[in-house]
Amino acid sequence: MTINYSEKIPNNVDLANDRTLQRALEHWQPHFLQWWHEMGPSDFESADVYLRTATSVDAQGWATYGAVKMPEYRWGIFLADQQPGRTIGFGDRMGEPVWQQVPGEHRSTLRRLIVTQGDTEPASVEQQRMLGHLCPSLYDLRNLFQINVEEGRHLWAMVYLLHAYFGRDGREEAEELLARHSGDSDKPRILTTFNEPISDWLSLYCFTYFTDRDGKYQLKSFAESAFDPLSRTCRFMLTEEAHHMFVGETGIGRVVKRTLEVMKELGTDDPAKIRAHGAVDLPLLQKYLNFWCSSSLDLFGSEISSNAATSFANGLKGRPDESQYQDHVLRDVVLKLDTPEGAQDVPMLNALNEVMRESYLKDCEIGLKRWNRAIERAGHDFRLTLPSSRFRRAIGSWVGLPVDPQGKLLPKEEYERRLHAWVPSDDDRAFVRSLMQKVTEPGKMAAWIAPPDRGINNLPLDYEYVHLA
Ligand SMILES: [Fe+2]
Ligand SMILES: [Fe+2]
């Protein structure tokens, strides 16, 4: 089904034939626009941005490009096509038909899962709202705004589910999604990572590399859900999410490239000299990777979790790419987990957060391999690494323990003394912030980052991706 753009809310869910739902969403829409106006990208409302918009969910229509003013972006509700005869692919109800409605006994758990996912979408827009003023190029500015409007659409996706399937509770939750704000002391966002400030573009690239990738894993596990509307919603969101991670991976890759150029030019790997030349030294980049990776690892939850077990057993949330596994019920399997008290056998069902975290970390390695190849080719011994999943944990069995990025337990004093060798110090952040000079001449790049290999949608690099009015 193609999307009907003549309606107030573009959708492929036949909204016109459900007047009550349509009215409820049309009531929420101005609240969303007001939120965008107050909490979305600051000061760029009149700019024409070269954005992609979904006009259908198939391969031809999901990415239609054109210049749009962000407040006029057509945020809509798009579900991937229904798969006829789809059955539950895991858990104790495996093989039964999937659900088109929410079973009463799973109502509050599903609502919580959807609200928690939904909360991250506007949170990231809020975190990134000032970055436009510090953009390294128009190409990057456009990518930031593309991500922002799509996170806005992901909020719509979750709000649709809340309105359509959770009655009055759902409508109240939809309002709350606009009332909590990232970093707000009274009403913060639900998850810690989404309350961390993102005040420079190095953080943005790390966030889109690590935190949007957590998003990918959450969406993949919801795509397996027995609740079919959730599955279909998330399947379509994943097509958009890929671009967010692309921005992270290529962004960090371009920082590495530029740094290597500067190192070659100066004939040194001395961080102080590289910084004096206006580039990001590799140890500094490593600190940013450590910070955002460890923060994002918390998003998977505790290693041992009865919630994860129940959600899986009941068919609410599967493992990403569930079909790659042999056993989809997991009633008789254990996993050996490393805990601070030693190795422990845990029922696999209770260890699913850890299973997801491990596969996520493997996915994170892909970019590191690429960046390290560039460093190796340039003749340097330095290698970027991922921190151990025990490092800087704020949740689970390693919470608060003084563990170094290699996973080794240290005396507390030593850990505290060395922490700023591993994550950015105030000085590091101030330095990175000092690099952030706004560049808006078409085709030009800030001095700390290399240009991308190609433009957006086959356009040249010096295309005016954002026309600043
Ligand atoms: Fe998202
Ligand atoms: Fe995203």
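The numbers here are math on the coordinates, done by the rules we state, and not lab data. What you see is a predicted model, and the numbers here were worked out from it, not measured in a lab. Ideal geometry is used to build each Cβ from the backbone, glycine not excepted, and the neighbour counts take in all protein chains shown.
Remark: relative contact order (the chain) = 19 percent; criterion is Cα-Cα distance under 8 angstrom and separation of 6 or more residues.
Summing Lys and Arg as +1 and Asp and Glu as -1 over all other residues whose Cβ lies under 13 Å from the Cβ of ASP298 gives a net charge of 0.
Peptide packing: for 237-246, 307-316, 342-351, the average count of neighbouring Cβ atoms within 10 Å per residue gives the ranking 307-316, 237-246, 342-351, highest mean first.
Amide H contacts under 5 Å for THR64: THR53, ALA54, THR55, restricted to partners 5 or more places along the chain or on a different chain, H placed in the peptide plane at 1.01 Å from N.
By DSSP, the beta bridges lying fully in the chain are antiparallel in about 90 percent of cases. Scanning the chain for helices, which whole DSSP H stretches are 24 Å or more long along the axis (Cα) and average 0.0 or more by Kyte-Doolittle? Correct list, ordered by number: 138-165.
Working note: Karplus 6.51/-1.76/1.60 with θ = phi - 60° gives the range 315-324 the couplings x, 7, 9, x, 8, x, 6, 3, 5, 6 Hz, where Gly and Pro are set to x. For the residue pairs LYS264/LYS287; LYS317/LYS369; LYS257/LYS287; LYS257/LYS444; LYS187/LYS220; LYS369/LYS412, the alpha carbons lie more than 25 Å apart in LYS317/LYS369; LYS187/LYS220; LYS369/LYS412. Electrostatic bookkeeping for PHE227 treats Lys and Arg as +1 and Asp and Glu as -1; over the other residues with beta carbon under 12 Å from its beta carbon, the sum is +4.
In this structure, the amide hydrogen of CYS135, modeled 1.01 Å from its nitrogen in the peptide plane, lies closer than 5 angstrom to those of VAL439, counting only residues at least 5 positions away or on a different chain. From the alpha carbon centroid of the range 380-458 to that of the range 49-81 is 33 Å.
For PHE227, the residues whose amide H sits under 5 Å from its own are TRP99, ignoring neighbours fewer than 5 places away on the same chain, with H placed 1.01 Å from N.
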